[in-house]
Amino acid sequence: RALRPLVPHRGVRFALFALLLFNPVTYDSGTHTRVLRQHIQHTLAFLVIAGLVAIYARRNGPKRVLARWALLAGLALPAFWLTREEGIWLLPCAGLLWLAAAVAIWRDRAPDRRARLAWLALPAPLCAAGLTAVATLNLYYYGVFTTCEFNQADFKALYAYSPYQNV
């Protein structure tokens, strides 16, 4: 759906869907027999990218459509970020897509381009709100304002400590 304006031929879109559907990674027995967070990371990455591609592709369309795709990207991004600690690899791709959409909206010189840029910016505060909500819940229940204990200085110091370092 995100690619529909960019790839109007139904057969090409179906081929891309089939390529994703028959991806060998999705048929790994470990994926279907265990509930692990890394198994949804690919789906969340696709949702973030699809939302940003759809915003770019529909930049001249109705603003309510932009809002829906921005909402998808804005909700999928914190979910992706919270799923794995090494999620930073998605930021260059998302940043380039966001930049391409922003430049395209600015160059189109539509009279409502500022509103369209505002919709494009919506995923960032939604991501910040999602991460802040999780960190706030961690503060309430565990006394630490964080989304992941692996990033805390105390954890890194404890992990770096070795009783054999003076031997």
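The values are calculated or read from the model by the stated rules, or taken from the named source; none is laboratory data. A quick note: this is a predicted structure, and the numbers were derived from the prediction, not measured. Cβ placement follows ideal geometry from the backbone for every residue including glycine, while neighbour counts extend to all protein chains displayed. With ligands, DNA and RNA removed, areas are computed over all heavy atoms of the protein, side chains included. Shrake-Rupley method; radii C 1.70, N 1.55, O 1.52, S 1.80 Å.
Considering each residue of the stretch 58-88, count those that are in contact (Cβ under 8 Å) with a residue 40 or more places away in the chain and charged (D, E, K, R), and give that number. Within the stretch 58-88, residues that are in contact (Cβ under 8 Å) with a residue 40 or more places away in the chain and charged (D, E, K, R) number 5.
Of all residues in the stretch 66-110, those satisfying the criterion of being out of contact with any helix residue (DSSP H, G or I) (no Cβ under 8 Å at 6 or more places or on another chain) and more than 19 Å from residue 132 (Cβ to Cβ) are 68, 86, 89, 92, 95, 96, 99, 103, 107, 108, 109.
Condition check: more than 21 Å from residue 5 (Cα to Cα), out of contact with any Gly (no Cβ under 7 Å at 6 or more places or on another chain), touching a residue at least 24 places away in the same chain (Cβ under 8 Å) and crowded, with 16+ Cβ neighbours inside 10 Å. Does residue 51 satisfy that? First the steps, then the outcome.
Working: more than 21 Å from residue 5 (Cα to Cα): no; out of contact with any Gly (no Cβ under 7 Å at 6 or more places or on another chain): yes; touching a residue at least 24 places away in the same chain (Cβ under 8 Å): yes; crowded, with 16+ Cβ neighbours inside 10 Å: yes.
No; evaluated as a whole, the condition is false for this residue.
Could you count how many residues in the stretch 54-78 are open to solvent by less than 50 Å² (accessible area, probe 1.4 Å) and polar (S, T, N, Q)? Count: 0.
Residue 86 meets the conditions (1) loosely packed, with under 11 Cβ neighbours inside 10 Å; (2) modelled with pLDDT under 90; (3) farther than 19 Å from residue 43 by Cβ in every case but one. The failed one is (3). When the residues of the stretch 89-134 are narrowed to those that are touching a residue at least 12 places away in the same chain (Cβ under 8 Å) and among the charged types (D, E, K, R), which ends up nearest to residue 42 (Cα to Cα)? Taking the candidates together, the pick is 116. Residues in the stretch 138-149 that are part of a helix (DSSP H, G or I) and exposed (fewer than 10 other Cβ atoms within 10 Å of the Cβ): 140, 141.
The rows are residues; the columns are (1) more than 16 Å from residue 48 (Cβ to Cβ); (2) open to solvent by 80 Å² or more (accessible area, probe 1.4 Å); (3) acidic (Asp, Glu).
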residue: 93; (1), (2), (3): no, no, no
residue: 96; (1), (2), (3): no, yes, no
residue: 103; (1), (2), (3): yes, no, no
residue: 107; (1), (2), (3): yes, yes, no
residue: 114; (1), (2), (3): yes, yes, no
residue: 120; (1), (2), (3): no, no, no
residue: 124; (1), (2), (3): no, no, no
residue: 129; (1), (2), (3): no, no, no
residue: 136; (1), (2), (3): yes, no, no
